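First the structure, in the form of structure tokens, and then the observations on it.
The values are calculated or read from the model by the stated rules, or taken from the named source; none is laboratory data. It should be emphasised that the depicted structure is a prediction, and the values quoted were computed from it without experimental measurement. Note that each Cβ is placed from the backbone with ideal geometry, even for glycine, and that neighbours are counted across all protein chains shown.
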Amino acid sequence: MLPEVKKILYATDLSDNAKVAMGWAMSLANHYDASITTLHVMPDMVEEMSLAMGYAAATDFVSKSLKEYNKEKGEELRRTIVDKIKSACSEVHGDDSEACRLDLNNVIVRVGHPVKEILAEATEGDYDLVVMGRRGRGIIDDVLLGSVARGVVQKCPKPVLTIRYTG
């Protein structure tokens, strides 16, 4: 039995590589008549500051301001992502916006750890496929550094297509 691909989760970090992955997601969606949900995960500023400062900023007075910052930046990022999707769609499809499978109303911005949030969305949203870019920097970096793509591939219960940037 051949797998059905009706719901694609496109995870983006807004990099050039993610734009290449977007093209693959769009192509697959057109081929399979599938819908695409776009997900961007932004780091939790409270968590990042806590790690950088060596103590739990979440218990500090800074926490409230950082949570507001996360919310504000999340909305800003959502608008940026929608603009990038529009631009990519017009590059590929010209004036035929209906041919673009990326749903501008279905753009999710989450705050947290990218691997954890991508896995949660892939499972909760019951997607058939996850498409995302991969930064192939080299074998040393792959061994020494953590990788969002590697974490998602290793832990995701859904198939994951990673696109390596060659530019």
Given (1) at pLDDT 70 or above; (2) farther than 20 Å from Leu119 by Cβ, where does Met53 come up short, assuming only one miss? (1)
Restricting the stretch 1-50 to residues that are of a type outside the set (A, V, I, L, M, F, W, C) and in contact with a Phe, Trp or Tyr (Cβ under 6 Å, 6 or more places away or on another chain), the residue that is modelled with the lowest pLDDT: Asn17
Here's a check for you: in the stretch 70-99, which residue that is modelled with pLDDT under 70 and either outside any helix (DSSP H, G or I) or among the charged types (D, E, K, R) (or both) is nearest to Thr37 (Cα to Cα)? Glu98
Tally up the residues in the stretch 1-47 that are under 18 Å from the mean Cα position of the chain (by Cα), assigned to a helix (DSSP H, G or I) and touching a residue at least 12 places away in the same chain (Cβ under 8 Å), please. 14
Can you tell me which residue is farthest from Ala120 (Cα to Cα) among those in the stretch 144-167 that are at pLDDT below 85 and small (Gly, Ala, Ser)? Gly167
